[in-house]
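This report concerns only the one structure given below.
The values are calculated or read from the model by the stated rules, or taken from the named source; none is laboratory data. None of the values given here were measured: they were computed from a predicted structure. A quick note on method: Cβ atoms are made from the backbone with ideal geometry, for glycine too, and the neighbour counts reach across all protein chains shown.
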Amino acid sequence: MIQYADIALNIPFKAEETLTYQIPDGMNRLQIGCRVEVELRKRKMEGVVIGVHSNMPSYEIKNIKRQIDKEPVVNSEQIQLAYWMRDFYVSTLGESLYKMIPTGRKNQLSEPVVVDSPELLTLNEEQLSAYKKIKADFGNEKIHLLYGITGSGKTEVYIHLLNHILKNTDKSAILLVPEISLTFQILYRLELIFGKQLALLHSNLRVSERYKNYLQLLRGEKRIVIGTRSAIFAPVKNLGLVILDEEHDNSYKEHSNPRYHARQVAQQRIKVNKATLLLGSATPSLESFFYAKKGTIVMHRLSKRAKSSGLSTVQVVSKKEDKELVGEDLLFKIKQRLERKEQVVLLLNRRGYSPLIYNRKEKKFIECPNCTSNLCYHSKGKAICHLCGYSEKYQKIQKEYPDSIELMGAGTQKLEEYLLEKFPGVRLERLDQDSTKNREVISSTITKLINRELDILTGTQMIAKGLDAPLVTLVGVINAGTGLGLPDFRAGERVFSLLTQVAGRAGRADLNGEVIIETVNTDHRVLQLSKEQNYDKFYDEEILVRRSLLFPPFTRLIRIVSRSSKEEKAKETIEKISLILLEKYKTMDHNSNYILGPVECPFFKIDSNYRFHILIKTNEQNLFRQIIREFVLPLGSSSVYLEIDIDPVDLV
Ligand code: ADP
């Protein structure tokens, strides 16, 4: 009998999202969940088989060209999850499925080198109480928040819970950590403790390695997974627990279709599996904390540091923009630490050498030819765009504007140079996107820090999270106001969280810690609140702003971006979309639904694409999902791309 396969194609929204193809003779072992290659309008395409049957379709049908996998690469739970993602994120089934299968860059495998204790530590009272309550609630589809200050030992609670799952149940667990951050330290410890039961699915692995680990999970050979964002799709059997460490972190949000958030996918998976979700953070997202206060999420507090007596003291110091990159006070304290053989962490959240290249004659900054963005000067004589990656020789710019070019501002490369000059012979390493192109650098740098082979660690926000080095007693932040001016209602939350996290790197063991935050705007509310390191207070103030402006958690957002290399086309399309939405809006409740825009995106042009957006605030996301699927998506074309972002985290 002739067999047919229904295939979810890996393409953006089109009428033919799933199509039926004939299974040719000889391809008789094709199963649901295998990838195949097919032809659609003379083009080769990939898709996943989601059904096999013998019902001949009424239209002319082609053969499957090639079977890619011998065995299924997604299981039935994942296919169900993909249906949910398609509806929730207004995407396609194929695109959703392809988010789950490991593909991508060929990264270096970094060797775990930091050695720590493979023993479980005895939990303190607060840790034990949280552990017991969460454990007692297993199987109830509940969400818990472990709200613990930096250094309070959240990781140890995760470890005990994972250990319980492994030893006393037949269930599986997934632990998610933020991308490119130093939380990889956790990972090494877990490898020592759980050994062969642990599968890694993080972005630091080679694709082949990640794929191998993925298949082992699919076959049920391992029960504990640690990984970054997409590890939330890990095909484990019998899921019992999902943990999101640093749950507020933005790397949990995906930036291409479907634009999922790992926390939301986790919520869906624990519902289907009657499992538990644990969120952990010292600075939870405002949304999570709101629900924790309301009681929808169960909150557990860790109010004390596990090892040291208390949090570090924090000072916010006024620093005018002058020739000296680092203020006198901070320089003095760095020197003091170096003499005492203690360690220093210095954050400057700007990569490159000088973020601005100024043309005095024309009184403007040198811009990227492809983006609404200034070029940044990088050492080795390059001017680079941080939005699209465009790069040109600095010499070329100098030749073009002789005698009128000047570098302004400072990035991490300049800071590095400055410190090496100020403190000759100092052992210093810099971690930022440029220095960690080879990812091995991250783990070797942490190892050096912990082995006392390093005096100063400097870098961008990458160094703020997770790092647990006992000899770090001073944390300095240069230009702390960076980021506060972004046109995004979450700008304050991000800066507060970053400063709290980086402050949390100091004084984690026996020695007391000190934090110096340098800024031009010492009076800024967010910087003042960072000084107190009091998230509760920050929350109380920030939530009022959210309420008055009707931002999440008081409404849900949907962002629609239209982009095209032709400005007119992008504009025309967003205007059409606006008309459709406004027409529908007539019959909606005007007190709970708002349509803002269309306007140019703050980054109007990226990589030669012009961008316009509309922001919807609503309490009826489902209604808008339907409208978008039915009326908005068909307006996309090969020349105008539409981005649909449900619950966006970036508005630029
Ligand atoms: P957090 O993730 O909350 O910032 P960590 O989990 O990194 O904190 O813990 C901070 C430090 O305290 C780590 O060095 C950890 O080994 C140690 N620690 C955690 N719990 C305990 C405990 N119960 N007894 C002793 N040390 C602990």
Residue that is within 15 Å of I560 (Cα to Cα), buried (at least 20 other Cβ atoms within 10 Å of the Cβ) and in contact (Cβ under 8 Å) with a residue 40 or more places away in the chain, where the choices are F624, F603: F624
Which condition from (1) within 24 Å of L454 (Cβ to Cβ); (2) in contact (Cβ under 8 Å) with a residue 40 or more places away in the chain is the one that L499 breaks? (2)
Criterion: β-branched (V, I, T), touching a Gly at 6+ places or on another chain (Cβ under 6 Å) and either at negative phi or buried (at least 20 other Cβ atoms within 10 Å of the Cβ) (or both) - qualifying residue of T445, T473, T436, T460: T473
Could you run through the range 502-551 and say how many residues are modelled with pLDDT of 95 or more, within 16 Å of the ligand (Cβ to nearest atom) and not in a helix (DSSP H, G or I)? 1
So which of V475, V426 is within 16 Å of the ligand (Cβ to nearest atom), in contact with an Asp or Glu (Cβ under 9 Å, 6 or more places away or on another chain), under 18 Å from L325 (Cα atoms) and at pLDDT 95 or above? V475
Answer with yes or no whether L474 is part of a loop (DSSP other than H, G, I, E, B) and either in contact (Cβ under 8 Å) with a residue 60 or more places away in the chain or small (G, A, S) (or both). no
Taking H248, is it within 16 Å of the ligand (Cβ to nearest atom), outside any strand (DSSP E or B), under 16 Å from the mean Cα position of the chain (by Cα) and not hydrophobic (A, V, I, L, M, F, W, C)? yes
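Within the range 32-45, count every residue that is without any contact (Cβ under 8 Å) to a residue 40 or more places away in the chain and either assigned to a strand (DSSP E or B) or among the hydroxyl-bearing types (S, T, Y) (or both).
So the answer is 8.
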Subset of the range 272-301, residues assigned to a helix (DSSP H, G or I) and not aliphatic (A, V, I, L, M), comes to N273, E287, S288, F289, F290, Y291, K293, K294
Can you run down the residue pairs with Cβ atoms below 6 Å, 6 or more apart or on separate chains, where the first is in the range 445-464 and touching a residue at least 12 places away in the same chain (Cβ under 8 Å) and assigned to a helix (DSSP H, G or I) and the partner is of a type in the set (D, E) and surrounded by fewer than 23 Cβ atoms within 10 Å (Cβ to Cβ)? T445/E429
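Could you grab me the full set of residues in the range 1-31 that are assigned to a strand (DSSP E or B) and either crowded, with 16+ Cβ neighbours inside 10 Å or touching a Cys at 6+ places or on another chain (Cβ under 9 Å) (or both)?
Of everything in the range 1-31, those that are assigned to a strand (DSSP E or B) and either crowded, with 16+ Cβ neighbours inside 10 Å or touching a Cys at 6+ places or on another chain (Cβ under 9 Å) (or both) turn out to be Y4, A5, D6, I7, A8, L9, L19, T20, Y21, Q22.
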Whether any residue in the range 60-81 is at pLDDT below 95 and among the small types (G, A, S) is what I want to check. no
Only residues in the range 410-425 that are in contact (Cβ under 8 Å) with a residue 12 or more places away in the chain and within 17 Å of V477 (Cα to Cα) count as the first member; pair them with residues that are surrounded by fewer than 17 Cβ atoms within 10 Å (Cβ to Cβ) and of a type in the set (V, I, T), Cβ under 9 angstrom, at least 6 apart or cross-chain, and list the lot. L419/V426
Could you check the range 158-167 and list, in sequence order, the residues that are touching a residue at least 40 places away in the same chain (Cβ under 8 Å) and within 16 Å of the ligand (Cβ to nearest atom)? Y158, H160, L161, L162, N163
The range 288-309 - residue that is among the charged types (D, E, K, R) and surrounded by fewer than 20 Cβ atoms within 10 Å (Cβ to Cβ) and, of those, nearest to the ligand (Cβ to nearest atom): K307
Taking the range 542-571 and keeping residues out of contact with any Lys or Arg (no Cβ under 7 Å at 6 or more places or on another chain), in contact (Cβ under 8 Å) with a residue 60 or more places away in the chain, within 21 Å of V632 (Cα to Cα) and of a type in the set (D, E, K, R) leaves R556, R559, K566, K569
List every residue pair whose Cβ atoms lie under 9 Å apart, where the two residues are 6 or more positions apart in sequence or sit on different chains, the first residue falls within the range 392-404 and is without any contact (Cβ under 8 Å) to a residue 40 or more places away in the chain, and the second residue, located anywhere, is surrounded by 13 or more Cβ atoms within 10 Å (Cβ to Cβ) and among the basic types (K, R). E392/K382; K393/K382; Y394/K382
Given the conditions (1) outside any strand (DSSP E or B); (2) touching a strand residue (DSSP E or B) at 6+ places or on another chain (Cβ under 7 Å), which single one is not true for T587? (2)
So I580, is it β-branched (V, I, T), assigned to a strand (DSSP E or B) and within 22 Å of F88 (Cα to Cα): no
Mind listing just one residue for me: the one in the range 109-127 that is of a type in the set (V, I, T) and at pLDDT below 95 and, of those, nearest to the ligand (Cβ to nearest atom)? V114
Matching residues in the range 130-146 - criterion: being more than 10 Å from the ligand (Cβ to nearest atom) and either part of a loop (DSSP other than H, G, I, E, B) or within 26 Å of S497 (Cα to Cα) (or both): A130, Y131, I134, D137, F138, G139, N140, E141, K142, I143, H144, L145
Of the residues in the range 168-193, those that are more than 16 Å from the ligand (Cβ to nearest atom) and hydrophobic (A, V, I, L, M, F, W, C) come to A173, I174, I180
